[in-house]
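Here the structure is laid out as structure tokens; the discussion comes afterwards.
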Amino acid sequence: MNVVIVIPTYNEVKTIERLIDGLKSASKKFPQHKTHLLVVDDNSPDGTGDVVRKLQSRYDDISLLTGEKRGLGQAYLRGMDFAIEKLKADIMLEIDADFQHDPHAVPGFIEKIDKGYDFVIGSRYIKGGSIPRNWGVNRKILSRMGNLIIRVSLLTLSVHDWTSGYRAMRSWVYKKTRSNLVSFNGYTFQVAFLYQALKSKAKVVEIPIHFGERKYGESKIGSEYVKNLLMYLAKTRFKETVTP
């Protein structure tokens, strides 16, 4: 099958080459599949795209898709559309470019897909998973409580890490749910995507990951993402309550 690893970037010039090298090394662990890397760059002013173009001269399995900055969710929509339509993806994998997601963990996701699962979540909050030790107490509580609020709001306690951006899925899941994802970004996109996958009867599983501390660049998450997520949860819960 064709595996396309979708990497959204904005100002990741310090990490993108090492990440690509790591992903290419990891992909050798599942040679039964053909792997392609797709960098979806939001016209990074720091030259991220230029680094990828140089790597394309060395590798023939890297694509670069550029466009205006419209948020993480829109970047994933653009990238996944391209992965399916142009690269004929059977499996897609989401990964951040800042090394908070370990590229060498990718084979574990593909192993679960090969075992029949449709949607694999890299989870920080199941046995074996972790968040950075040097996170402050407030940040740790906010992260855990945020996921608990999502689980309770959506009445789905079986999934522990709703906001994880390290995931793999079969392409049919995305194609079936895409029309319900076009208005979301950030954490909200990740939550809505997973919720729609569950509603589509996708077979979902979590695997433990060690979530690393960002060493380069700045976090793209802000208060606007949190506000939009809370609005999504309220609207979804209301809709599910009033719909017979």
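The values are calculated or read from the model by the stated rules, or taken from the named source; none is laboratory data. Quick caveat, the model's predicted, so the values are computed rather than measured. As a convention, Cβ positions derive from the backbone with ideal geometry for all residues, glycine included, and neighbour counts pool all protein chains shown.
When you scan the stretch 104-118, do you find a residue that is hydroxyl-bearing (S, T, Y) and touching a residue at least 60 places away in the same chain (Cβ under 8 Å), even just one? There is at least one residue in the stretch 104-118 that is hydroxyl-bearing (S, T, Y) and touching a residue at least 60 places away in the same chain (Cβ under 8 Å).
In this structure, R78 qualifies as out of contact with any helix residue (DSSP H, G or I) (no Cβ under 8 Å at 6 or more places or on another chain) and under 24 Å from V191 (Cβ atoms).
Return the residue satisfying two criteria in turn: it lies in the stretch 96-129 and is crowded, with 22+ Cβ neighbours inside 10 Å and among the β-branched types (V, I, T), and of such residues it is farthest from I7 (Cα to Cα). Top of the filtered list is I113. Within the stretch 155-182, if we keep just the residues that are in contact with a Phe, Trp or Tyr (Cβ under 7 Å, 6 or more places away or on another chain) and of a type in the set (A, V, I, L, M, F, W, C), the residue that is farthest from E240 (Cα to Cα) turns out to be A168.
Of all residues in the stretch 25-58, those being farther than 29 Å from N185 by Cβ and either touching a strand residue (DSSP E or B) at 6+ places or on another chain (Cβ under 8 Å) or in a helix (DSSP H, G or I) (or both) number 5. When S44 is tested against (1) more than 28 Å from A202 (Cβ to Cβ); (2) hydroxyl-bearing (S, T, Y); (3) under 13 Å from the mean Cα position of the chain (by Cα), just one condition goes unmet, and that condition is (3). Among residues that are closer than 27 Å to T48 by Cβ, touching a strand residue (DSSP E or B) at 6+ places or on another chain (Cβ under 6 Å) and not polar (S, T, N, Q), I91 is included.
Scanning the stretch 7-32 for residues that are more than 14 Å from D61 (Cα to Cα) and basic (K, R) returns K14, R18, K29. Within the stretch 20-63, the residues that satisfy the criterion of being among the charged types (D, E, K, R) and under 20 Å from D102 (Cβ atoms) are D21, K24, K28, K29.
Here E68 qualifies as surrounded by fewer than 22 Cβ atoms within 10 Å (Cβ to Cβ), among the acidic types (D, E) and in contact (Cβ under 8 Å) with a residue 12 or more places away in the chain.
Need a quick list: helices (runs of 4 or more DSSP H) entirely within the stretch 128-244 having at least 1 residues that are at pLDDT below 90 and more than 18 Å from the chain's Cα centre (by Cα). Outline the logic, then answer.
Numbers: elements: 137-153, 171-177, 186-199, 223-242.
So the answer is 137-153, 223-242.
Among the numbered conditions (1) surrounded by fewer than 23 Cβ atoms within 10 Å (Cβ to Cβ); (2) touching a strand residue (DSSP E or B) at 6+ places or on another chain (Cβ under 8 Å), the only one that Y166 does not meet is (1). Cβ-Cβ contacts under 6 Å between residues 6 or more apart (or on different chains), taken from a first residue in the stretch 128-151 that is in contact (Cβ under 8 Å) with a residue 40 or more places away in the chain to a second residue that is loosely packed, with under 14 Cβ neighbours inside 10 Å and outside any helix (DSSP H, G or I), are listed as P132/E213.
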